[in-house]
Amino acid sequence: MKMSWLSLLPPLFVVISAFLTRNINLSLLLGVVSAALVATHASPYDAIALLTTQSCKQTLDIDKLYLYLFLIAIASMIVLFNRTGSINAFAQFITKHIRSARTIQSSSILISFALFIDDYLSILTTGFIMTPLTDRFGISRQKLAFLVHSLAGPVVILAPISSWVGAITMYMSEAGINANVHGAIHILDDPFFLYLKTIPFVFYSFLIIASIWYIVQYNVSYGPMHGYEKKQKQTTPDTFISQSSSNAHLSDLFAPILILIASTFIGLLYHGGYNLFGGKASFIQAIQQTTDLNLVLLLASLIAFISGIALSLIRKTVKIKEILSICQEGVQLMYSAVIMLLLTSIFGAMLKDNVLTGDYLASTLLACIPISLLPVMFFITTLIITLATGGAWAAIAISLPIAIPMLISLMQFTASTPASAIPILAPLLGAIFSGAVCGDNISPICGATIMTASSTGVTATEHAYTQFFYSLPALLCTALAFIMSGFLAHNYSPWVSALCPLIVSFILCITILRLINKNK
C-alpha cells in the first residue's frame, strides 16, 4: 500500500482498545486484524491471506522460537527457586540486614545494573527476585515494575557488551556507515567505534537513571503511582513465595544466576569466533559478530536451569518427580507473555512491512527541517515509531536508513566522508537510540512492558500507565538536551555538545521532580 494517514489507525486502535478494555492480548489481536484490512484496502480475502502469511512467518521464525523458549527456561528457573525456598532464604537474609524500603529499592537498582547483558534477562530476573521483597516492605508492585523496566533498556544500550550492540552496529552498517565501502556515498567509520562515541549522547538513559536515583533516595511519589503506593500500605498482597525448605540456601539462588551470566558471556564470545575459542576475532569483534543472540541466551538459560536442578537434587531440596511439574509451572507462568510477544511480533511486522507506519511518520515529521534540529526531531520521530510499533529495535532499524541518507543529502556530500567531519552525527545517532529506549519504556505494547508486567505481577496497561508519568520529566528534558546539542555540535567539541546539554537537562529534570513531589 502507499503511505497515508491510514497507517496510523492500527497502532492508535491498539492503544485505545488497551486503555478501554485493559486486555492487551485482545487489543493486539484486533490491531493485527485492522492492520491487515488497512494494508489490503479492506479486501477480506487479501486480508486473510496477509494474516496467514505474517502469522506463519513470525510463528516459525527460529530466532523468535529461541526467545520464547528462553523465557520459559527463565520462568522455570524462577519456579525452581520458589520450590527450593532459595528466594525465601534470600528474602530472610535481606530483611535481617536491610531495614528500610529505600535500601530494598536500591538493591533492585544494583541487580539491574549487574544484569546489563540483556534487557529481558534483567527484567525477568530482577522482577521475580525482588517482588516478594518489595511486598514485605510495603513497596507497590507498580513501583517495582517502574524500577525494573526503566533500568533495563537504558542500561543495556549504554553497555558496549550487550545484546543490543550487535543489532545496533548491523543497522548502522546497513544504513551507510562503514569503514570499507566503495562506490556509493557512505560515512566512513567502524560502526562499533562510532557507537562508542555516541554513548555520551544517549541522554535519555542518563536522565532516567538519575531520575530513578532521585525518586528512590527522596521517596518521590506522584501521579497514578501515588495512589497505588497508598493502597499498598493498607493491604498486604500475596507474594510469589508459597513454599519453603529447611535446606534452603542462598547458593541455590545465586549459583544458577552466576552460571547464567557466565554462560551468556562465554556463548557470545564462542559464537562470535573469539580467538581463545579457536576463532580469529578479538574480544570486541566477537561480541559484534554474534548474530544468534537468542540462541546464546536459550543455551545459557538451559545450562543454568540444569545446573540448578542438579544442585537442588544434590542438596535434596527437590525430588526427581518434581522436575516435570517445575517445567509445567514455568510454561504456565510465561504462557500469556509468550502469546503477547507473538501477537506483538506479528503486529510490528505488519506495521513495518505492510502498513508502513514508521515510514509515514518519518516522512511526515522530517520533511523539511534545519540540520541543527535533526537530533530532537529524530528523537521525537523514533519515540513515536517505537510507541506505534512496540519495538525499540524495529524503530532503530526504521530510523537509521532514513537519518543517514537524509544527513548526507542535507550536507550535500559528493563523496564518502569520515564520521569525524560530521559533528552532528553523534548527537543524531544518540537521539535515535534515546527515542527507541524511551519509547520502549512507555509503550504499552512493547515486549519489555509485557515481560515487566509478568515478572512483577501487574497488568501491562497498568504498568505502562503508571510508568509514563514517572518517565515524563526525563523525556521532556531529553528533548531539550537534543535541541541544545544540535546547536552546539557545529561550533564546539563533541564533549562540550554532550556534557553541557546533559548537565543542564539533569539539573532541570531533578528540579521538576523536586517541585512535583513538593506540590503533589
Study note, to complete from the structure: Flagged in region 105-127 as in contact with a helix residue (DSSP H, G or I) (Cβ under 7 Å, 6 or more places away or on another chain), among the aliphatic types (A, V, I, L, M) and free of Cβ contacts under 8 Å to residues at least 60 places away in the same chain, in numbering order, are Ile111
Practice item. Can you run down the residue pairs with Cβ atoms below 9 Å, 6 or more apart or on separate chains, where the first is in region 205-227 and free of Cβ contacts under 8 Å to residues at least 12 places away in the same chain and under 16 Å from Leu502 (Cα atoms) and the partner is small (Gly, Ala, Ser) and surrounded by fewer than 19 Cβ atoms within 10 Å (Cβ to Cβ)? Key: none
Exercise for review: Evaluate region 1-9: report whether one residue or more is basic (Lys, Arg) and assigned to a helix (DSSP H, G or I).
Suggested key: no
Review point. Restricting to region 76-117, what's the tally of residues that are within 26 Å of the chain's Cα centre (by Cα), closer than 19 Å to Thr317 by Cβ and either at pLDDT 80 or above or among the aromatic types (Phe, Trp, Tyr) (or both)?
Key: 5
Practice item. Read through the list (1) over 14 Å from Leu387 (Cα atoms); (2) modelled with pLDDT under 75; (3) assigned to a helix (DSSP H, G or I), then give the number of the only condition that Leu37 fails. Key: (2)
Review point. Does region 17-29 contain at least one residue that is among the small types (Gly, Ala, Ser), more than 17 Å from Cys446 (Cα to Cα) and part of a helix (DSSP H, G or I)?
Key: no
Study note, to complete from the structure: Considering region 189-203, residues that are closer than 16 Å to Ile424 by Cβ and out of contact with any Phe, Trp or Tyr (no Cβ under 9 Å at 6 or more places or on another chain), and then whichever is modelled with the lowest pLDDT, we arrive at Asp189
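The values are calculated or read from the model by the stated rules, or taken from the named source; none is laboratory data. Source: prediction; values computed, not measured. No Cβ is skipped: glycine too gets one built from the backbone with ideal geometry, and neighbour counts run over all protein chains shown.
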